[in-house]
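**Q** What follows is a single structure, and I will ask about it in a moment.
Throughout, read-outs are computed from the coordinates displayed, never taken from laboratory work. None of the values given here were measured: they were computed from a predicted structure. Here Cβ is always computed from backbone atoms with ideal geometry, including for glycine, and neighbour counts include all displayed protein chains.
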Amino acid sequence: MGRRKGGNKALAPSGQKTSPDADGMNLDGGKEQEEAPEVVAIEEKAESSNLEDSPLIGSDKTSADYYFDSYSHFGIARSLSLIHKPFSARLLASSRKRREMLKDVVRTKTYQNVIYQNSFLFKNKVVLDVGAGTGILSLFCAKAGAKHVYAVECSLMADMAKEIVQTNGYSNVITVLKGKVEEIELPVAHVDVIISEWMGYFLLFENMLNTVLYARDKWLNNNGIVLPDKASLYLTAIEDAEYKEDKIEFWNNVYGFDMSCIKKQAMIEPLVDTVDQNQIVTNCQLLKTMDISKMAPGDVSFMAPFKLVAERNDYIHALVAYFDVSFTKCHKLMGFSTGPRSKATHWKQTVLYLEDVLTICEGEAVVGSLTVEPNERNPRDVDIMLKYSLNGQHCQVSRTQHYKMR
Ligand code: SAH
């Protein structure tokens, strides 16, 4: 997937060396975000990696067909034949993808800072790392003084994590357990801290959150904590004529042939891509905040109303969703945002193209609702229903659109 013209200034080329003094903080100031949780805006100095997505179409496999196995791939060739757009970096966690996730310094440095700068949360505590991957978060926790860390990882990467733990001299503190969180037996009845990096594209794609909630309900002490403990989803609207033309309208005339049947498919698949902040036409609306320490698994399904008020005369081609996560149990609130005004992360943003091009005047509002729920057949996929209407001077429209993230 190409980068948008005049793309996010914060983007650094993939694979570039990262700054050693990166603080990994990336929270939006909350200025443009209605009802946003009060967060501290911290200048991001570090560079982040930026994964390229593969424009693959075809196959009606869902992510369940390859999810667990694919996390352990060292090459992506086999998976490529199985997948749909958007190409999920996290689903195909080959060593290259693992590296790129780790090199996402906004992500990884934030976790590192949360752990190192709040060692009081970890000292002599029993920690559970849900979906440990290479074991990086477990290593941070061990270094911060945890009494014991149980690192649970269901993919073959668990074997690597064991070796990594040993190589780094933490075998006495970290126990790597290979298996699904839902199936393994933990050697202890309770843990004090659950840490996990479970977020998917559009926050909920891959729905690993339910695995964290399962672990919380089964093992977390009454006064135990979950890190991160808050996640919020936001929506805004963008001008995106050039990209809509390139990604969607392209199918109308392909070397003289009508391939618009593919256009229908392209429309229902949200596009994971970075959006330039200059494309934003309206305010950014908070849709939903999830409190990971309290929420029920069913809360991942929700309907949220929105009102997006134009800040200038422009056209709207798409709505854009993004999320932030925060660690409110830290001495000082910490977290990061994946919004277009923040430094880019490997989650980029999620673009929902509209059937209509909206001609909007400053002060007019697109109102509607977004309904989000896990797909019935495969709960790791996400079904999205968008209802929107605009009753403006130059444009009156009302429509319902359905999207599927898979
Ligand atoms: N904690 C690591 C990896 C995060 S990616 C890091 O921060 O770099 C999420 C990991 O969770 C993947 O490695 C995936 O294989 C694992 N995972 C997903 N669902 C799981 C489950 N139900 N049980 C155990 N591991 C799971």
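**Q** Could you tell me which of rounded, prolate or oblate describes segment 230-405, using a ≥ b ≥ c as the square roots of the eigenvalues of the alpha-carbon gyration tensor, with rounded for a/c under 1.5 and, failing that, prolate when a/b is larger than b/c and oblate otherwise?
**A** Working: a/c = 1.71, a/b = 1.40, b/c = 1.22.
Prolate, since a/c reaches 1.5 and a/b exceeds b/c.
**Q** While we're on this one: Within 12 Å, Cβ to Cβ, of Gly392, how many net charges do the neighbouring residues add up to if Lys/Arg are +1 and Asp/Glu are -1? Provide the component values of the computation, followed by the final result.
**A** Working: positive: none; negative: Asp314, Asp356, Glu362, Glu364.
With Lys, Arg at +1 and Asp, Glu at -1, the neighbours total -4.
**Q** Mind checking the dipole of segment 280-406: about its Cα centre, +1 per Lys or Arg Cβ, -1 per Asp or Glu Cβ, Debye to the nearest 20? If you can, show how the numbers build up before the last one.
**A** Details: 15 positive and 13 negative charges, 103 e Å.
Taking the Cα centre of segment 280-406 as origin, the dipole is about 500 debye.
**Q** Counting Lys and Arg as +1 and Asp and Glu as -1, what is the net charge of the other residues whose Cβ lies under 13 Å from the Cβ of Phe120?
**A** Working: positive: Lys123, Lys125, Lys329, Lys332; negative: Asp192.
Computed value for this residue: +3.
**Q** Another question, if that's okay. For segment 90-246, what number results from the quotient of the Cα radius of gyration and 2.2 N^0.38 Å?
**A** Details: Rg = 16.7 Å, N = 157, 2.2 N^0.38 = 15.0 Å.
My calculation over the Cα atoms of segment 90-246 gives 1.11.
**Q** By how many nm would the segment from Lys307 to Asp258 lengthen if fully extended, with 0.36 nm per residue of separation less the alpha-carbon distance? Walk me through the numbers before you get to the answer.
**A** Working: separation 49, 0.36 × 49 = 17.64 nm, distance 3.62 nm.
Here the segment from Lys307 to Asp258 would lengthen by 14.0 nm.
**Q** Over what distance in Å are the Cα centres of segment 278-320 and segment 338-406 separated?
**A** 8
**Q** Would you work out which of Asn378, Phe306, Thr282 lies farthest towards the positive end of the dipole of segment 230-405, given +1 charges on the beta-carbon of Lys and Arg and -1 on that of Asp and Glu, about the Cα centre?
**A** Asn378
**Q** Okay, next question. Just rank Tyr150, Tyr116, fewest to most, by other beta-carbon atoms within 10 angstrom. List each step's numbers first, then the result.
**A** Values: Tyr150 23, Tyr116 13.
In increasing order of surrounding Cβ atoms, one gets Tyr116, Tyr150.
**Q** Counting other beta carbons within 10 Å of each Cβ, put Glu185, Glu311, Glu245, Glu100 in order, fewest first. Walk me through the numbers before you get to the answer.
**A** Details: Glu185 6, Glu311 15, Glu245 12, Glu100 20.
Ascending number of Cβ neighbours within 10 Å: Glu185, Glu245, Glu311, Glu100.
**Q** Is the shape of segment 336-406 rounded, prolate or oblate, going by the alpha carbon gyration tensor and its root eigenvalues a ≥ b ≥ c, with a/c under 1.5 for rounded and a/b larger than b/c for prolate? Show your work: numbers first, answer last.
**A** Numbers: a/c = 2.92, a/b = 1.36, b/c = 2.15.
Taking the square roots of the gyration eigenvalues as a ≥ b ≥ c, segment 336-406 is oblate.
**Q** Among Val226, Val397, what is the fewest-to-most ranking by other Cβ atoms within 10 Å? Intermediate values should be presented prior to the final figure.
**A** On the way: Val226 23, Val397 16.
Sorted ascending by nearby Cβ count, the order is Val397, Val226.
**Q** Follow-up question, since we're still on this one. Taking 24 Å as the cut-off for C-alpha to C-alpha distance, list the pairs among Lys263/Lys307; Lys178/Lys218; Lys162/Lys332 that go past it.
**A** On the way: Lys263/Lys307 28 Å; Lys178/Lys218 18 Å; Lys162/Lys332 33 Å.
Cα-Cα > 24 Å for Lys263/Lys307; Lys162/Lys332; rest within.
**Q** Still on this model: I want the local charge near Leu358. Using Cβ-Cβ distances under 11 Å, sum +1 for each Lys or Arg and -1 for each Asp or Glu among the other residues. Please list the in-between numbers first.
**A** Values: positive: Arg399; negative: Glu239, Asp314, Glu355, Asp356, Glu364.
Charge balance near Leu358 sits at -4.
**Q** What do you get when you divide the Cα radius of gyration of segment 201-325 by 2.2 N^0.38 Å, with N the number of residues?
**A** Values: Rg = 18.9 Å, N = 125, 2.2 N^0.38 = 13.8 Å.
Compactness ratio reported: 1.37.
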